[in-house]
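The values are calculated or read from the model by the stated rules, or taken from the named source; none is laboratory data. Remember, predicted model here, so these are calculated numbers, not experimental data. Neighbour counts run over all protein chains shown; Cβ positions are idealised from the backbone, glycine included. Heads up: the accessible areas ignore ligands, DNA and RNA and are worked out on the full protein's heavy atoms, side chains in. Shrake-Rupley method; radii C 1.70, N 1.55, O 1.52, S 1.80 Å.
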Amino acid sequence: MNKAVRKAIIAGNWKMNKTRPEAKELIEAIKPLAKGADCEVVVGVPFTNLETAVEATKGTNIHVGAQNCHFEKSGAFTGEISADMLVELGVEYVILGHSERRQYFGETDETVNKRTKAALAAGLKPIVCVGELLWERECGITEEVLGKQCKLDFFGITADEMKKITIAYEPVWAIGTGKTATAEQAQEACKYIRTVIAKMFDEATAEAVTVQYGGSMNAKNAAELLSKVDVDGGLIGGASLKAPDFGEIIRAASV
Ligand code: PEP
């Protein structure tokens, strides 16, 4: 990461894990490990844990994120949660377009774009996930896939809004598989994403935007991944559920 111009964001994606007491316990364990960190620390918790997480992180440097929000303000959308509802709870971040939502819940670039705009309008900080499938990488079209996702997901967004968005580069083949992209692959993709943002907006926006890596980042490989100049932190699934591992990643981002 380039600390001179950007602050790293280490965000945990808890997915569909942890009851409320378990969430409280995990946050209590993360608190001392996050204290004084030289990076932004975010916990992306299930909807049912948001209130618990907001309460437990009060007065700390840990920020709370949700894992999705709907693009409409209200209405007949059974099972959905609006961006305003998250803001009302004290939530600051929202993960959007995660590959699991794209794969299992029919999320498309169009709906990611709408959700991103709704999140920004409500004052949330979106963490928007992009990334190629294994066969897309093998076919040599990683850059086309990333370029298309960025163009569609950020269509109609202003440069000022873009600066509030975190892009999580998450190669789908590396998520939850234990297969991490090499630091060179992560750097190459994060740098490419920045060139797409520069073309869509301008150089200043591309330099300002946070581009994280996500995909089996853990306590052992974090330092190497985070040493790359265009890798501004991580979106972490499995390892964010273990306080010592998450703490080690926070430490790696803080040196
Ligand atoms: C994720 O869920 O965004 C993720 C990167 O998961 P994992 O770290 O478990 O691969």
* Restricted to region 109-137, and to residues that are farther than 13 Å from Glu170 by Cα and of a type in the set (Val, Ile, Thr), which residue is surrounded by the most Cβ atoms within 10 Å (Cβ to Cβ)? -> Thr116
* Looking only at region 75-82, decide whether some residue is over 28 Å from Thr177 (Cβ atoms), open to solvent by less than 40 Å² (accessible area, probe 1.4 Å) and free of Cβ contacts under 8 Å to residues at least 60 places away in the same chain. => yes
* To do: Report, by residue number, each residue of region 174-187 that is more than 15 Å from the ligand (Cβ to nearest atom) and crowded, with 17+ Cβ neighbours inside 10 Å.
  => Ala183, Gln187
* On the given criteria, is Leu50 surrounded by 21 or more Cβ atoms within 10 Å (Cβ to Cβ) and in contact (Cβ under 8 Å) with a residue 60 or more places away in the chain? -> no
* Tell me which residues, restricted to region 85-108, are away from the ligand (no atom under 16 Å from the Cβ) and open to solvent by 30 Å² or more (accessible area, probe 1.4 Å). => Met85, Val87, Glu88, Leu89, Gly90, Glu92, Gly106, Thr108
* Among the residues of region 2-42, how many are away from the ligand (no atom under 16 Å from the Cβ), basic (Lys, Arg) and at positive phi? -> 0
* Structure fact -> If we keep only residues of region 219-231 that are more than 15 Å from the ligand (Cβ to nearest atom) and not in a helix (DSSP H, G or I), then the residue least open to solvent (accessible area, probe 1.4 Å) is Asp230
